[in-house]
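The values are calculated or read from the model by the stated rules, or taken from the named source; none is laboratory data. Here the structure is a predicted model, which is why all the values come from computation and not from measurement. Because the Cβ atoms are built from the backbone with ideal geometry, glycine has one as well, and the counts that use them run over all protein chains shown. We work out accessible area using only protein heavy atoms, side chains counted, and drop any ligands, DNA or RNA first. Shrake-Rupley method; radii C 1.70, N 1.55, O 1.52, S 1.80 Å.
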Amino acid sequence: YRKVKIKRPNGILKKDNTLPGYVELYAVEAREKQAHVPSGEKPICWRLLTTHSVNAAEDAQQIISWYAMRWQIELLFGTLKSKGLNMEASEVESGKGLKNLCLMGLQIAFKINQLSQGRENESEKSAEISFTQEQIIVLKALVSRYEGKTEKQKNRFKEGTIAWAAWVIARMGGWKGYDSEAKPGNKTMRIGLNQFDGIYIGWNLAQKICA
(Lines give C-alpha, C1' and ligand atoms only; values in the text may rest on other atoms or scores of the structure.)
Protein backbone atom coordinates (compact mmCIF):
# COMPACT_ATOMS: atom_id res chain seq x y z
CA TYR A 1 0.00 0.00 0.00
CA ARG A 2 1.12 3.56 -0.62
CA LYS A 3 -0.09 7.04 -1.52
CA VAL A 4 -0.22 7.67 -5.26
CA LYS A 5 -0.89 10.57 -7.60
CA ILE A 6 -3.32 10.02 -10.47
CA LYS A 7 -2.61 12.39 -13.36
CA ARG A 8 -5.46 14.25 -14.95
CA PRO A 9 -6.19 12.94 -18.50
CA ASN A 10 -4.74 15.14 -21.24
CA GLY A 11 -8.11 15.57 -22.90
CA ILE A 12 -9.59 17.12 -19.77
CA LEU A 13 -6.52 19.34 -19.39
CA LYS A 14 -7.31 21.00 -22.72
CA LYS A 15 -10.99 21.52 -21.84
CA ASP A 16 -10.58 22.97 -18.35
CA ASN A 17 -7.21 24.26 -17.25
CA THR A 18 -8.55 25.32 -13.84
CA LEU A 19 -8.69 21.72 -12.61
CA PRO A 20 -5.72 20.32 -10.64
CA GLY A 21 -3.14 18.36 -12.56
CA TYR A 22 -3.54 15.29 -10.34
CA VAL A 23 -5.44 13.83 -7.40
CA GLU A 24 -3.91 12.01 -4.46
CA LEU A 25 -5.29 8.62 -3.51
CA TYR A 26 -4.15 5.53 -1.67
CA ALA A 27 -3.39 2.32 -3.58
CA VAL A 28 -3.74 -1.12 -2.01
CA GLU A 29 -2.69 -4.34 -3.73
CA ALA A 30 -3.81 -7.73 -2.44
CA ARG A 31 -2.51 -10.98 -3.95
CA GLU A 32 -3.81 -14.46 -3.20
CA LYS A 33 -1.16 -16.99 -2.21
CA GLN A 34 -0.74 -19.78 -4.75
CA ALA A 35 -1.07 -22.39 -2.01
CA HIS A 36 -4.66 -21.22 -1.38
CA VAL A 37 -5.75 -21.31 -5.02
CA PRO A 38 -8.00 -24.20 -6.19
CA SER A 39 -6.57 -26.40 -8.94
CA GLY A 40 -7.00 -24.88 -12.39
CA GLU A 41 -7.67 -21.37 -11.07
CA LYS A 42 -5.46 -18.29 -11.15
CA PRO A 43 -4.55 -16.35 -7.99
CA ILE A 44 -6.70 -13.27 -7.34
CA CYS A 45 -4.96 -9.91 -7.56
CA TRP A 46 -6.84 -6.79 -6.46
CA ARG A 47 -5.47 -3.31 -7.05
CA LEU A 48 -7.69 -0.89 -5.20
CA LEU A 49 -7.73 2.91 -5.16
CA THR A 50 -9.33 4.71 -2.23
CA THR A 51 -9.74 8.16 -0.72
CA HIS A 52 -9.45 6.59 2.76
CA SER A 53 -6.06 7.07 4.39
CA VAL A 54 -3.95 3.91 4.46
CA ASN A 55 -1.04 4.33 6.85
CA ALA A 56 -0.67 0.81 8.27
CA ALA A 57 -1.28 -2.83 7.35
CA GLU A 58 -4.47 -2.76 9.45
CA ASP A 59 -5.81 0.11 7.31
CA ALA A 60 -5.06 -1.84 4.13
CA GLN A 61 -6.83 -4.92 5.51
CA GLN A 62 -9.89 -2.79 6.27
CA ILE A 63 -9.99 -1.52 2.67
CA ILE A 64 -9.75 -5.11 1.39
CA SER A 65 -12.53 -6.20 3.75
CA TRP A 66 -14.82 -3.40 2.54
CA TYR A 67 -14.16 -4.27 -1.08
CA ALA A 68 -14.83 -7.97 -0.45
CA MET A 69 -18.30 -7.02 0.82
CA ARG A 70 -19.15 -5.83 -2.69
CA TRP A 71 -19.45 -9.48 -3.70
CA GLN A 72 -22.49 -9.79 -1.45
CA ILE A 73 -24.06 -6.88 -3.32
CA GLU A 74 -23.35 -8.60 -6.64
CA LEU A 75 -24.97 -11.79 -5.35
CA LEU A 76 -28.01 -9.86 -4.13
CA PHE A 77 -28.60 -8.13 -7.46
CA GLY A 78 -27.95 -11.38 -9.34
CA THR A 79 -30.72 -13.02 -7.29
CA LEU A 80 -33.01 -10.07 -7.93
CA LYS A 81 -32.46 -10.47 -11.68
CA SER A 82 -31.74 -13.47 -13.91
CA LYS A 83 -30.35 -15.78 -11.20
CA GLY A 84 -33.50 -15.68 -9.13
CA LEU A 85 -36.57 -13.45 -9.28
CA ASN A 86 -36.08 -12.26 -12.88
CA MET A 87 -37.27 -8.71 -12.16
CA GLU A 88 -36.12 -7.69 -15.63
CA ALA A 89 -39.04 -9.63 -17.11
CA SER A 90 -41.57 -7.64 -15.09
CA GLU A 91 -44.40 -6.06 -17.09
CA VAL A 92 -45.17 -3.35 -14.53
CA GLU A 93 -45.62 -0.17 -16.57
CA SER A 94 -45.20 2.68 -14.09
CA GLY A 95 -41.88 3.65 -12.56
CA LYS A 96 -43.43 3.84 -9.09
CA GLY A 97 -44.92 0.37 -9.44
CA LEU A 98 -41.58 -1.05 -10.57
CA LYS A 99 -39.81 0.55 -7.61
CA ASN A 100 -42.32 -0.95 -5.20
CA LEU A 101 -41.94 -4.35 -6.85
CA CYS A 102 -38.14 -4.16 -6.65
CA LEU A 103 -38.29 -3.14 -2.99
CA MET A 104 -40.34 -6.23 -2.16
CA GLY A 105 -38.07 -8.27 -4.40
CA LEU A 106 -34.99 -7.11 -2.50
CA GLN A 107 -36.42 -8.52 0.72
CA ILE A 108 -37.01 -11.90 -0.92
CA ALA A 109 -33.64 -11.86 -2.71
CA PHE A 110 -31.89 -11.15 0.59
CA LYS A 111 -33.68 -14.11 2.19
CA ILE A 112 -32.76 -16.41 -0.71
CA ASN A 113 -29.11 -15.39 -0.37
CA GLN A 114 -29.21 -16.02 3.38
CA LEU A 115 -30.45 -19.54 2.71
CA SER A 116 -27.93 -20.27 -0.07
CA GLN A 117 -25.03 -19.18 2.10
CA GLY A 118 -26.51 -20.56 5.31
CA ARG A 119 -26.70 -24.06 3.77
CA GLU A 120 -22.92 -24.35 4.15
CA ASN A 121 -22.64 -22.30 7.33
CA GLU A 122 -22.14 -24.44 10.41
CA SER A 123 -21.77 -21.48 12.79
CA GLU A 124 -25.17 -22.42 14.27
CA LYS A 125 -26.77 -19.04 13.54
CA SER A 126 -30.46 -19.15 14.36
CA ALA A 127 -33.05 -19.65 11.63
CA GLU A 128 -34.83 -16.67 13.19
CA ILE A 129 -32.68 -14.38 11.06
CA SER A 130 -34.87 -15.47 8.11
CA PHE A 131 -38.02 -17.04 9.58
CA THR A 132 -40.58 -16.24 12.25
CA GLN A 133 -41.08 -18.61 15.17
CA GLU A 134 -44.33 -19.84 13.62
CA GLN A 135 -42.57 -20.55 10.32
CA ILE A 136 -39.91 -22.52 12.18
CA ILE A 137 -42.67 -24.69 13.71
CA VAL A 138 -43.83 -25.53 10.17
CA LEU A 139 -40.24 -26.25 9.08
CA LYS A 140 -39.87 -28.69 11.98
CA ALA A 141 -43.02 -30.49 10.85
CA LEU A 142 -41.66 -30.77 7.30
CA VAL A 143 -38.25 -32.27 8.15
CA SER A 144 -39.45 -35.87 8.42
CA ARG A 145 -41.27 -35.55 5.10
CA TYR A 146 -38.07 -34.68 3.25
CA GLU A 147 -35.55 -36.83 5.09
CA GLY A 148 -34.69 -40.16 3.46
CA LYS A 149 -34.10 -43.53 5.09
CA THR A 150 -30.30 -43.41 4.91
CA GLU A 151 -28.00 -41.23 7.01
CA LYS A 152 -26.84 -39.43 3.88
CA GLN A 153 -30.37 -38.15 3.35
CA LYS A 154 -30.83 -36.88 6.91
CA ASN A 155 -30.70 -33.22 7.87
CA ARG A 156 -27.35 -33.26 9.65
CA PHE A 157 -27.54 -29.67 10.87
CA LYS A 158 -28.59 -28.62 14.36
CA GLU A 159 -32.33 -28.07 14.59
CA GLY A 160 -33.35 -24.42 14.58
CA THR A 161 -30.23 -23.13 12.81
CA ILE A 162 -30.22 -21.34 9.46
CA ALA A 163 -28.29 -24.25 7.91
CA TRP A 164 -30.97 -26.67 9.12
CA ALA A 165 -33.75 -24.48 7.66
CA ALA A 166 -31.85 -24.04 4.38
CA TRP A 167 -31.59 -27.84 4.06
CA VAL A 168 -35.39 -28.14 4.28
CA ILE A 169 -36.01 -25.33 1.79
CA ALA A 170 -33.46 -26.81 -0.65
CA ARG A 171 -35.19 -30.21 -0.48
CA MET A 172 -38.51 -28.52 -1.20
CA GLY A 173 -36.85 -26.85 -4.17
CA GLY A 174 -35.87 -30.16 -5.75
CA TRP A 175 -32.43 -30.85 -4.26
CA LYS A 176 -31.98 -34.58 -3.57
CA GLY A 177 -30.27 -34.17 -0.23
CA TYR A 178 -26.90 -35.75 -1.05
CA ASP A 179 -23.74 -33.80 -0.25
CA SER A 180 -22.18 -35.41 -3.32
CA GLU A 181 -24.62 -33.44 -5.50
CA ALA A 182 -24.06 -29.91 -6.69
CA LYS A 183 -24.81 -27.47 -3.89
CA PRO A 184 -28.34 -26.04 -4.00
CA GLY A 185 -28.19 -22.55 -5.48
CA ASN A 186 -30.42 -19.50 -5.54
CA LYS A 187 -32.90 -20.90 -8.06
CA THR A 188 -33.39 -24.03 -5.98
CA MET A 189 -33.89 -21.92 -2.85
CA ARG A 190 -36.39 -19.68 -4.67
CA ILE A 191 -38.48 -22.67 -5.77
CA GLY A 192 -38.31 -24.18 -2.29
CA LEU A 193 -39.25 -20.90 -0.66
CA ASN A 194 -42.28 -20.58 -2.95
CA GLN A 195 -43.36 -24.09 -1.98
CA PHE A 196 -42.86 -23.36 1.71
CA ASP A 197 -44.80 -20.08 1.58
CA GLY A 198 -47.80 -21.90 0.11
CA ILE A 199 -47.69 -24.55 2.85
CA TYR A 200 -47.26 -21.92 5.54
CA ILE A 201 -50.27 -19.95 4.30
CA GLY A 202 -52.36 -23.14 4.43
CA TRP A 203 -51.11 -23.95 7.93
CA ASN A 204 -51.88 -20.40 9.09
CA LEU A 205 -55.44 -20.63 7.75
CA ALA A 206 -55.94 -23.97 9.47
CA GLN A 207 -54.79 -22.47 12.77
CA LYS A 208 -57.38 -19.68 12.47
CA ILE A 209 -60.18 -22.09 11.48
CA CYS A 210 -59.45 -24.40 14.39
CA ALA A 211 -59.07 -21.54 16.89
Qualifying position, being within 12 Å of the chain's Cα centre (by Cα), modelled with pLDDT under 90 and surrounded by 10 or more Cβ atoms within 10 Å (Cβ to Cβ), among Leu98, Leu80, Leu85: Leu80
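Residue-wise test of (1) among the aliphatic types (A, V, I, L, M); (2) touching a Leu at 6+ places or on another chain (Cβ under 8 Å).
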site	(1), (2)
Thr50	no, yes
Gln62	no, no
Leu75	yes, no
Ser82	no, no
Selected residue [open to solvent by 20 Å² or more (accessible area, probe 1.4 Å) and in contact (Cβ under 8 Å) with a residue 40 or more places away in the chain] from Glu124, Glu134: Glu134
Candidates Ile64, Ile73, Ile136 - the one that is in a helix (DSSP H, G or I) and at pLDDT below 95: Ile73
Residue check for Leu115: assigned to a helix (DSSP H, G or I), open to solvent by 100 Å² or more (accessible area, probe 1.4 Å) and within 25 Å of Trp71 (Cβ to Cβ): no
Meets criteria (of a type in the set (Gly, Ala, Ser) and not in a helix (DSSP H, G or I)) for Gly105: no
Positions within the stretch 170-211 being closer than 16 Å to Arg145 by Cα and open to solvent by 60 Å² or more (accessible area, probe 1.4 Å), in sequence order: Lys176, Tyr178, Gln195, Trp203
Selection from the stretch 177-211 of residues that are part of a loop (DSSP other than H, G, I, E, B), within 22 Å of the chain's Cα centre (by Cα) and without any contact (Cβ under 8 Å) to a residue 24 or more places away in the chain: Glu181, Ala182
Qualifying residue in the stretch 154-169 (condition: in contact with a Pro (Cβ under 7 Å, 6 or more places away or on another chain) and either hydrophobic (A, V, I, L, M, F, W, C) or on the phi < 0 side of the Ramachandran plot (or both)): no
Output for the stretch 144-170, where each listed residue is free of Cβ contacts under 8 Å to residues at least 24 places away in the same chain and either charged (D, E, K, R) or assigned to a loop (DSSP other than H, G, I, E, B) (or both): Arg145, Lys149, Thr150, Glu151, Lys154, Asn155, Arg156, Glu159
Tally of residues being among the small types (Gly, Ala, Ser) and closer than 19 Å to Ile201 by Cα across the stretch 128-149: 2
